[in-house]
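Asker: Submitted below is the structure of interest, expressed as structure tokens.
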Amino acid sequence: MKKKVMIVGKNQETCNSYKIVIDGTNTFCVVGKYEFGEDAVREIPKIFPDIILMSIDLAGKSGIEITEIIKKKYPHVEVLIISPYIDSGVVFASLKAGAGGYVTQGSTYLQLISSLEQISRGGAPMSDEISRMIIREFQTNLNSPITKREKQVLQMVSAGMTYTQISEELNISKETSKTHIRNIYTKLNVSCKAEAVSRGREDKLII
């Protein structure tokens, strides 16, 4: 019997391409495509998917938020994130939310199917660039003057994310994200985002 895959993403053209590829295998079949993560969550108890192919950018709540909701309600359902972001803050937020794997949108269709096969066997598939990023993350300065959350925020700042985007991804208020930035400025003795990012990279606090 084929493993059932649900696809959640706002780019319908891309989702349709994924469906064609997945349905063309002997192992998997697509049982639903959804633009809004909230709709997918409501359908889970009706169609019982084995794996959910989850985009980060959705029409409603983010893929990270939806992943967390799914894993709390249906812990047996595997979630494979497919994302354009190669950023440690986003990757670790996704994994913390319960994602079982993280692959980039630049992955080939063969790599995508391989990732679905891995996660269905209990593995944790990662694109090569994500694996390298995680390794580099663990190799950064262990004596960091900033906290783990501040480091996460600084990494997101380095990726060009705004206060609003940071607060949404980390599920914190916009004011809290600003407070983290101010604390980073103080600890690194800098006065702007560009200086903070430059200092963070020089001291290997971020990648």
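The values are calculated or read from the model by the stated rules, or taken from the named source; none is laboratory data. Owing to the predicted nature of the structure, the values given are computational and were not obtained by experimental measurement. In this analysis, Cβ positions are derived from the backbone assuming ideal geometry, glycine residues included, and neighbour counts consider all displayed protein chains.
Asker: Pick out the one residue from Y102, Y109 that is of a type in the set (F, W, Y), touching a residue at least 24 places away in the same chain (Cβ under 8 Å), in contact with a helix residue (DSSP H, G or I) (Cβ under 9 Å, 6 or more places away or on another chain) and buried (at least 22 other Cβ atoms within 10 Å of the Cβ). Can you show your working first?
Answerer: Numbers: Y109 fails: buried (at least 22 other Cβ atoms within 10 Å of the Cβ).
Only one candidate qualifies: Y102.
Asker: Please state which one of K96, K46 is farther than 30 Å from I207 by Cα, out of contact with any Lys or Arg (no Cβ under 9 Å at 6 or more places or on another chain) and of a type outside the set (F, W, Y). Give the steps one after another, and end with the answer.
Answerer: Values: K96 fails: farther than 30 Å from I207 by Cα.
Within the list K96, K46, the selection yields K46.
Asker: Going through region 132-160 one residue at a time, which ones are modelled with pLDDT of 85 or more, within 21 Å of I81 (Cα to Cα) and not in a loop (DSSP other than H, G, I, E, B)?
Answerer: Once the filter is applied, which keeps residues that are modelled with pLDDT of 85 or more, within 21 Å of I81 (Cα to Cα) and not in a loop (DSSP other than H, G, I, E, B), region 132-160 yields Q152, V153, Q155, M156.
Asker: Which ones in region 39-53 are farther than 19 Å from K2 by Cα and either surrounded by 17 or more Cβ atoms within 10 Å (Cβ to Cβ) or not assigned by TED's automatic domain parsing to the domain that holds N16 (or both)?
Answerer: A40, V41
Asker: If I go through region 150-207 residue by residue, how many of them are crowded, with 17+ Cβ neighbours inside 10 Å, touching a Lys or Arg at 6+ places or on another chain (Cβ under 7 Å) and not aromatic (F, W, Y)?
Answerer: Total satisfying the criteria: 7.
Asker: For region 16-37, enumerate the residues that are buried (at least 16 other Cβ atoms within 10 Å of the Cβ) and of a type outside the set (A, V, I, L, M, F, W, C).
Answerer: Across region 16-37, the qualifying residues are Y18, K19, G32, K33, Y34, E35, G37.
Asker: Failed condition for T67, given (1) crowded, with 21+ Cβ neighbours inside 10 Å; (2) touching a Leu at 6+ places or on another chain (Cβ under 9 Å), with all others met?
Answerer: (2)
Asker: Quick test for you: out of T179, T147, pick the one residue that is closer than 22 Å to S94 by Cβ and out of contact with any Leu (no Cβ under 9 Å at 6 or more places or on another chain). I'd like the intermediate steps shown before the answer.
Answerer: Numbers: T179 fails: closer than 22 Å to S94 by Cβ.
None of the others qualify; the one that does is T147.
Asker: Here is a further query. Could you grab me the full set of residues in region 71-103 that are in a strand (DSSP E or B), under 13 Å from M126 (Cα atoms) and not hydrophobic (A, V, I, L, M, F, W, C)? Working first, answer last.
Answerer: Restricting attention to region 71-103, the residues satisfying the condition of being in a strand (DSSP E or B) are 78-83, 101-103.
Still in the list and also under 13 Å from M126 (Cα atoms): 79-83, 101-103.
Of everything in region 71-103, those that are in a strand (DSSP E or B), under 13 Å from M126 (Cα atoms) and not hydrophobic (A, V, I, L, M, F, W, C) turn out to be S83, G101, Y102.
Asker: Just checking, how many residues over region 1-24 are over 19 Å from I47 (Cα atoms) and of a type in the set (D, E, K, R)?
Answerer: 2
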